[in-house]
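Participant: First the structure, which I've put down as structure tokens, then a few questions once you've had a look.
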Amino acid sequence: MPRHNKAGKNGVDNGTWPLEEDLKASLLQYAKEGLSIDQKLRQLQDEHGLHIKSRTLKKLQKKHSIPTVRKPPPPDQAAQLILNKVAADTSGLNGAGHVKAALAMEGYLIPR
């Protein structure tokens, strides 16, 4: 047993951690909104009082399988999702940005 730090605390107060379900729901919503890492960290601090760094955020996203633009669906699946959205737009008024945002709200993050 180490002589120092017998309480096992590192001296940093990260705030109170929310329930796992609430945290996962928040992270998923931030991904759907397309927030940057800094914006996600700010939202976590504002909504849950959680003070963490970007590396911890990335670990949490990986742990909860939060989708990212850097790991999109396979190309054939992404193409089919886009084609389905374009086919549903009978008037042809929705552009690429709208299709990307609509797919993001469904949980499919497609890169530019």
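Participant: Would you indicate which of (i) 1.08; (ii) 1.06; (iii) 1.15 is the value of Rg/Rh (Cα atoms, Kirkwood Rh) derived from the coordinates of this structure?
Facilitator: Evaluating Rg/Rh (Cα atoms, Kirkwood Rh) on these atoms matches (iii).
Participant: Turning to a different aspect of this structure: What percent does the relative contact order of the chain come to when contacts are Cα pairs within less than 8 Å and at least six residues apart?
Facilitator: 29 percent
Participant: Kindly state, to the nearest 0.05, the FRET efficiency for Gln39 paired with Ala101, given R0 = 22 Å and r defined as their beta-carbon distance.
Facilitator: 0.85
Participant: Shifting gears a bit: Between segment 78-110 and segment 18-70, what's the alpha-carbon centroid distance in Å?
Facilitator: Each part's Cα centre sits 24 Å from the other's.
Participant: Still on this structure: Per residue, how much accessible area does the chain have with a 1.4 Å probe, in Å²? If you can, show how the numbers build up before the last one.
Facilitator: Numbers: 8320 Å² over 112 residues.
Result: 74 Å² of accessible area for each residue.
Participant: Something else: Which of the GluC sites (Glu not before Pro) found in segment 19-112 are in a DSSP loop and have at most 12 neighbouring Cβ atoms, other than their own, within 10 Å? Don't skip to the answer; put the middle values down first.
Facilitator: Values: sites: Glu20, Glu21, Glu33, Glu47, Glu106; in loops: Glu106.
Qualifying residues, ordered by number: Glu106.
Participant: Something else now. Within the set Lys62/Lys85; Lys32/Lys71; Lys59/Lys85; Lys24/Lys85; Lys32/Lys53, which residue pairs have Cα atoms separated by over 24 Å?
Facilitator: Values: Lys62/Lys85 28 Å; Lys32/Lys71 14 Å; Lys59/Lys85 32 Å; Lys24/Lys85 27 Å; Lys32/Lys53 21 Å.
Where the Cα-Cα span goes over 24 Å, the pairs concerned are Lys62/Lys85; Lys59/Lys85; Lys24/Lys85.
The values are calculated or read from the model by the stated rules, or taken from the named source; none is laboratory data. Since this is a predicted model, take the numbers as computed values, not measurements. FYI the Cβ positions are ideal-geometry reconstructions off the backbone, even for glycines, and counts take in every protein chain you see. With ligands, DNA and RNA removed, areas are computed over all heavy atoms of the protein, side chains included. Shrake-Rupley method; radii C 1.70, N 1.55, O 1.52, S 1.80 Å.
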